[in-house]
Structures are given as C-alpha cells and as structure tokens.
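What follows is a short report on a single structure.
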Amino acid sequence: MTSISNSDEDAWRLPRLDEVASESAAVRIDTSIPHTARIYDYLLGGKSNFAVDRAAAEHILAAIPDLPTTLRLNRLFLQRSVRYAARRGIRQFLDIGTGIPTGGNTHEAAHQVAPDARVAYVDNDPIVLVHGRALMTDDGPGRTTFTQADLRDPKAILTAPEVLEVIDFTEPVAVMLVAILHFIKDEENPAEIVATLRDALAPGSMLILSHASSDADPARGQAGAAGWKNASAEMTMRGYDRVLAFFDGFELVEPPGIRPHWNPDNEPEDALDSVENVWGYGGVGTLR
Ligand SMILES: C[S@@+](CC[C@H](N)C(=O)[O-])C[C@H]1O[C@@H](n2cnc3c(N)ncnc32)[C@H](O)[C@@H]1O
C-alpha cells in the first residue's frame, strides 16, 4: 500500500495534496495489484497510474494493440449519450464507474446542453475518489458529488447521502454504466444489479450503457482479457445478445440496438466514427 504524499515515487502523477480535500489525505492507494481505473487511465494516455498498472496494460496491449482506439470511442459514446439525454430533458445523471477524470467528463458534456444538470459520480476505487473530489465536485447550479461505493451493492448506491444530495429518484435520471459492467462477473449477477437500479427509476429515466466485447475477434479478446486476471477486477467480455439483455425493461433509442458506433443525434462526424474493429458496444434505453 502506498499512502498519498508528495514524496512518493509516483506522487507527481497525483493531484497535489493542497488540491485535495483534507479527508482524502487519509486515502491509501494500493499499488501491489493493478487497478482497473489506473489501467484504463494508462491506456487513454493518462498519468495517474503505477508500474503494476502499466505492466498489466502492456500485457493487454500485446494482444489487443488497437484497444486504446475503442476506449477513445467509448469516451465519445459517453459524451454523445449524455448530451442526447440532456437534450431530452434529463437533468440528473448517476454515473457509476466514473474513472479517473480525463477530457470530456460527464458533467462537462451535460453542461454543454444544460448548465443546471446535476451529476452523482460513483466509483469503488479510492484513487478515483481522490481525483474526483479534487477536480470534479461543483457547488454551482449544476452540482456534482462524489461517492465511493460498489456497483455490486446497488442499494447502497441508491441510498448514499451524497447521491441523494443531487439525485431525486422521483424525477427522471440517466443511470450510466459506461465500461463498468464487464468488471462484474456472471456469478455476481450483473443483470440483477441493473434490474435493481432500473426498479428505482421514474418513467422517462434512461440507461446509458457500454460494455467490452470480443465479438470482433474472440481469440484476441480472450488473450487481452487475461491481462486483468490479477487486477482489482477481472474482465468478462460479453457478446452482442448478452449486452443487449442488460436493457431488459428499457426501450432502446432509435435506431434500436446496441452498436460499436453510436450517434443518433447526428453530431458532427469524428475520425473515430470510421474505426472498423471495435471491442465493444454501447446503447441508450428509455424507461416508459
Ligand atoms: C474502464 S473505467 C470506465 C470509466 C468511464 N465510465 C468511462 O467509460 O470512460 C471503469 C471504472 O469502473 C470502476 N469500477 C470497476 N468495478 C467497480 C465496481 N464494482 N463498483 C464501482 N466501480 C467500479 C473502476 O474503478 C473504473 O474507474
């Protein structure tokens, strides 16, 4: 375990302590095993990662060298889907599996359309908590809060005081499970977790979901997924039908289905829109 201090070998990668709320100084970062948030950060070109994370990421990249392109496409999906929801009147976002802040975070995308949109960020990794509280909390009309909680205990998320500070579950909410459900194993009942969240939502709410898949090349996908074997969570890539099933009870937005490329509002074309080999799917569903 490494405690955050400005003298640690990797501390320059973290926010300065004077940028971090005092309570966060007590947070301890485990550098003995790779963490999914930090692997993702490395793959996206970030600096909030440690040697163990970089080693795991390099293992993954040896099998799937083009994975970073899919991750950037996933960020584009996140931003487009948040704007999509905000354009349809959603003013509350519950973003579970936030990740280490990078460009175009949920509240930034939402505020492009609706400056009063509120965001409850939730993640189970303490490094995300430190960065999130330092960089992403906002006391303005478009308030954001940050909660450390685990998706495997959805009821704890639904009742967390910091979530309830900005989310009113009697009004429509966009629940975001963007690139997180593949860290929930089959035996941890991901479908039941999504159903528990769905059942807490008011009509008009949305599910914004993306998920890793090896449909493009199962052998390479499996080899790459092995890179998460000893990480804070293992990777379970799922096929099209299994990802689609997470939208049970939701009506998929037009054109219906989940897809590697997602742009129903015809936002300006991005170079990523023409990428062919994509390691995942994204989609948005509405609760009627
Ligand atoms: C791949 S990142 C995705 C970040 C962001 N949603 C995106 O798509 O850009 C996955 C995030 O989910 C978090 N995570 C993984 N398992 C989790 C769990 N069981 N509960 C809460 N957060 C989890 C990780 O810490 C990490 O920050």
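The values are calculated or read from the model by the stated rules, or taken from the named source; none is laboratory data. Source: prediction; values computed, not measured. Virtual Cβ from ideal backbone geometry, glycine too; neighbours counted across all protein chains shown. Heavy atoms of the whole protein, side chains included, go into the accessibility calculation; ligands, DNA and RNA do not. Shrake-Rupley method; radii C 1.70, N 1.55, O 1.52, S 1.80 Å.
Some points to look at:
- Within the accessible surface of the chain, defined with a 1.4 Å probe on protein heavy atoms only, the carbon and sulfur portion equals 50 percent.
- Net charge of Cβ neighbours under 14 Å - reference ASP217; Lys, Arg +1; Asp, Glu -1: -2
- Gyration tensor over alpha-carbon atoms, the chain, equivalent ellipsoid semi-axes in Å: 27, 24, 18
- For the range 161-288, the Stokes-Einstein estimate of translational diffusion at 37 °C and a viscosity of 0.692 mPa s comes to 207 µm²/s, using the Kirkwood hydrodynamic radius over alpha-carbon pairs.
- Proximal lysines to LYS185, defined as alpha-carbon separation beneath 24 angstrom and excluding residues fewer than eight positions away on the same chain: LYS155, LYS229
- Loop-located GluC sites (Glu not before Pro) in the range 219-288 whose Cβ has at most 14 other Cβ within 10 Å (DSSP): GLU269, GLU276
- Centroid-to-centroid separation of the range 72-137 and the range 204-256 [C-alpha atoms, Å]: 20
- Segment GLN112-ASP66, extension gain: residue separation times 0.36 nm, minus the distance between their alpha carbons: 13.6 nm
- Probe 1.4 Å, protein heavy atoms only - accessible area per residue of the chain in square angstrom: 42
- Between ASP241 and ASP186, the distance separating the two model label sites (each 7 Å from Cα on the Cα→Cβ line) works out to 1.3 nm.
- Proximity of backbone amide H atoms, modeled 1.01 Å from N, is registered between ALA174 and GLN92, PHE93, LEU94, MET206 at under 5 Å, excluding neighbours fewer than 5 places apart on the same chain.
- Inter-label distance, nm, simple model (7 Å from Cα along the C-beta direction), ARG28/ASP270: 3.8
- In this simple spin-label approximation, ASN230 and LYS47 carry label points 7 Å from Cα along the Cα→Cβ vector, and these lie 2.8 nm apart.
- Among HIS211, HIS35, HIS59, residue whose mean-square fluctuation peaks in a GNM of the chain (springs only between Cα atoms under 10 Å): HIS59
- Simple Cβ-charge dipole of the chain, Lys/Arg +1 and Asp/Glu -1, about Cα centre, in debye nearest 20: 160
- Between ARG118, ARG72, ARG198, the GNM of the chain built on Cα springs shorter than 10 angstrom shows ARG72 fluctuating the most.
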